[in-house]
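Notes follow once the structure below has been shown.
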Amino acid sequence: MGTATREKTFQLQRKALGNCVSPMLFCCVESTSCSGACGVLKMRATFLVVAFITLSLHGFTQASESSEALRLLQEQLARQEHERLQVTTRWRIRIEVFARSEDTVRSAERSVQERLQRGELKREDAERLLQSIRESAKDRVSESIVKVEGQGDFWITSGKVCSLDEGGSSLATKEVLLPGSYVIAASPISISLEASQVQAAPELVEPLSVRSVRPEASGSHMPGNPLLSRIFLLGENPLRWLPLEFVSVRKEDGIYVIDSRYWYYKFTRVKEQWTASSGILNSSESKLPKSKLPESLSARLKVSFFIDPTKGFAVSRFEGIQGEEVVEVRRWRRFGTLLLPEQIVMQQFATDVKGGERVVQNGITYLVGAQVVRRPVSKITIDLLSVEKTTRRVALKDLLPPDRTVADYRLGLDTGQVVFYRYEGVFPSLQQLSVMHQQQEQRRREASGTNVRQTARWLWVLPALLILTGLLWYIRSRRL
Amino acid sequence: MIESLLMSGVLLVSILLHTGKIVPVTTESRFLLFVLALFFACVSVMYFLARVDHSVLPFFSQLAEVSYGWVWIAAFLSVWLGKCCCKIWLKVASGAVGVLLLILLAGILVHAAGYLPYRWGLSYTFAGYSRPHGLLMSPLEAGIVALITWAWGMFWMAQPDTRRWVGTLLVGLSSAAVYLTLSRSAWLGLGAAVGVGILFALHRRLLWLPLGVTVGVFVLCSLALPVGWSRSVYAAQGDPSVASRLTAWRKVPTTLAQYPFGVSDEAQSVAIKRQEVAQPGSALNFYIEIGLAYGVLPFLLTGILVFLLLLRAWQLGSSNLPEFAWGLGTIATVVALFFTYPSVLVSIPLGGLWGMVSAMEVKPDATTRVHTD
């Protein structure tokens, strides 16, 4: 084989390999391709072996680095959580919900009216929707105080319900939150409006009457996204809420960043955002196939927790999918060896899609050339008022006396799958709960059907009377 | 099934009353009339309470859902019973309904001028124009009310006394209201009634004036607000309200075959979610709605009753009686209801109008005639 042939072979191999292999590999290729066809085969085999080893080593190194960092973070975050379970903190929570723009309100109103005219909405539902849309045209502010009492194994939270709903603003409750688990009890406490507005939360010493078992991260005292509130306010380990197979760790300017494609807070929400926030509006709400997502977009579909090693591995920042939710610790306070966030700011943004041409492709509606505008929706400012070592210890069984009626939401708070039962000291498993829910729904359907029929039966008296009278008249007419 | 059979029975009684196969007796009629009057009083009070205080709206909606289909037929029978046993009651009721109609018409016109006497969250717009509905919930209902007042105006125009001039005003205002609502169903109903009226006018010169006023006002309104005609064109250009009606109507045969006694609540919750059947309330056609809610037999009996009413309207028009105007009103509303359905409040004057037309004597030489005047 002449020099020209060797050159051609080399070029072909280089072309086939592309630009992803290092120049060193090409040197190997050239040196082994000098002795005929057999040499070419050997050269290819050598190349494949070298490439495989290199890539495997690279992957292994990366993976082991990542898993090492993850192990470190797991340890540190667990330690943080353990320490936070020993302290009692008080927080002031200020929730600001920003008014929607006039254009957005008008557009939403138009949409409701169009749906009504198309017969997709009942009038009463449309009216309710319009009322809420109008409400959203105003700025709203609410403030509450929350006390978090670490009990070693669980937290007791108490204070006003963190809600902008006027009805709930004077309601104080206390709840038991298990790390990485649901809220297992909530107890409303009657307090006067004046008392609820004072700076300190009321001292609550009586046992909890078990009222509800709430799923995942929810909780009445957790403002905004309750999972984030738990992580920042309670110091809960975020890895409890992230399935490890979807987690990756990187380091950025000395800060560890935990990225995850999934978290245990509203899976459906994550899926929705894949389509809705991409600037391509999917009106049918069907899932857009993952393969169709642009790479850059796919990369942004994740949540990121920032862990600062200089702050004792505390979570210092959170970025939601496409930056729609941002949480930031603005100030820190030292308490012994523990660094606590002194001011946390949670911001939520929404994306409005304006204009664009509607194009339907494969049953999915796209808005091509639409303008995507990001606007702030709400801002939650949480200030640490006080911190102290927990002095009193309460056992869980003392807090949760049995023989109470429980509303169990673990099957899905969003879907309203609530099961009511008598708490006997043990909570049913999810499978048992599912069976109980089916039985309860069956009973409800029967009861609801009975009510409608009963109401209708009263009204049936009138037509029955008319028919009987008509029959009587008909018989009389025939006799005459 | 029981509700379907009860509705069938009541419709059958109405048909037999219309055809004269049943002769009501005073004692029972008075009792029934009292019960029906109570029913209307309750419905009316609830309706106005719901308009003033929105918090009772869901409660009223539930009541309306149960009683909705019965209101028009109850009004229909009330007129019949009033005619037979209690003419004073009939006069009082006619007066009350007349005042109600005038208030509703005034509300539509005031709303068209840009004033809504109370806060109502929904506004119906087309090309930037806010379609008036006044005290009613939608322009479609406003259209039906305007058609009834139009018939009333036509009736008074046929009177020899001063009512003639009031009738002219009423015809003009009602025609304007029909146009301004931009309700295509009301337009079509009015068009049908005017068309039939022109046929009658070939033999009765007296009819040209009210028909001329109607057409004249309609033309004037068209010139002042030409956008209304764009709405008619829009119907053929993918208007979603037309498309949703057609979609629901296509499902009606299979729905009726599947649920011959009406679509039950249980069936609604399961099958409707899968969009297999037409949901009661989605067809926006009065007759089909009866079929969906009560089943095949009430659907057919309503068809028979409406046919008999149209026949009576034709007979009234062919006769020399001024009641031909109510007949034209019946034609207009029957046509309009192919594309809409009356609410609880509108069902009362509508059923009353039909009952009145049904109870009218057609013989030109008849000694006694029933009319609301």
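The values are calculated or read from the model by the stated rules, or taken from the named source; none is laboratory data. A quick note: this is a predicted structure, and the numbers were derived from the prediction, not measured. Positions of Cβ are backbone-derived with ideal geometry, glycine not excepted, and every protein chain shown enters the neighbour counts. Side chains included, ligands, DNA and RNA excluded: accessible areas come from the protein's heavy atoms. Shrake-Rupley method; radii C 1.70, N 1.55, O 1.52, S 1.80 Å.
Distance between the modelled labels on residue A:395 and residue A:358, one decimal in nanometres: 6.4 nm (7 Å Cα→Cβ projection).
At an R0 of 56 angstrom, the distance between the Cβ atoms of residue B:35 and residue B:224 translates into a FRET efficiency of 0.75. Here is the interface size for B with A: some 3500 Å² of accessible area buried, both sides summed, with a 1.4 Å probe.
Shielding of peptide A:127-137 by partners, expressed as the average count of other chain Cβ atoms within 10 Å per residue Cβ, is 2. Distance between the pseudo-spin-label points of residue B:246 and residue A:178 (7 Å out from Cα toward the beta carbon): 5.8 nm. Approximating the spin labels as points 7 Å out from Cα along Cα→Cβ, the residue A:431-to-residue B:165 distance works out to 8.9 nm.
Given contacts defined as C-alpha pairs under 8 Å and at least six residues apart, what's the relative contact order of region A:367-439, whole-number percent?
Numbers: 48 pairs, mean separation 15.8, N = 73.
RCO, region A:367-439: 22 percent.
Shown is the FRET efficiency for residue A:475 and residue A:420, computed with R0 = 60 Å from the Cβ-Cβ distance and rounded to the nearest 0.05: 0.65.
In the full protein context, region B:123-227 carries 36 Å² of accessible surface per residue, based on a 1.4 Å probe and ignoring ligands, DNA and RNA. Residues of region A:102-122 with accessible area at least 30 Å² lower in the all-protein-chain context than alone (1.4 Å probe)? Buried on complex formation: A:113, A:116, A:117, A:118, A:122.
Taking all protein chains as present, what is the carbon and sulfur share of the accessible area of region B:155-214, in % to the nearest whole number, probe 1.4 Å?
Working: 1830 of 2490 Å².
It is 74 percent, rounded to a whole number.
Shielding value for B:27-35 is 2, the average number of Cβ atoms from other chains within 10 Å of each residue's Cβ. In this structure, the amide hydrogen of residue A:339, modeled 1.01 Å from its nitrogen in the peptide plane, lies closer than 5 angstrom to no residue at least 5 positions away or on a different chain.
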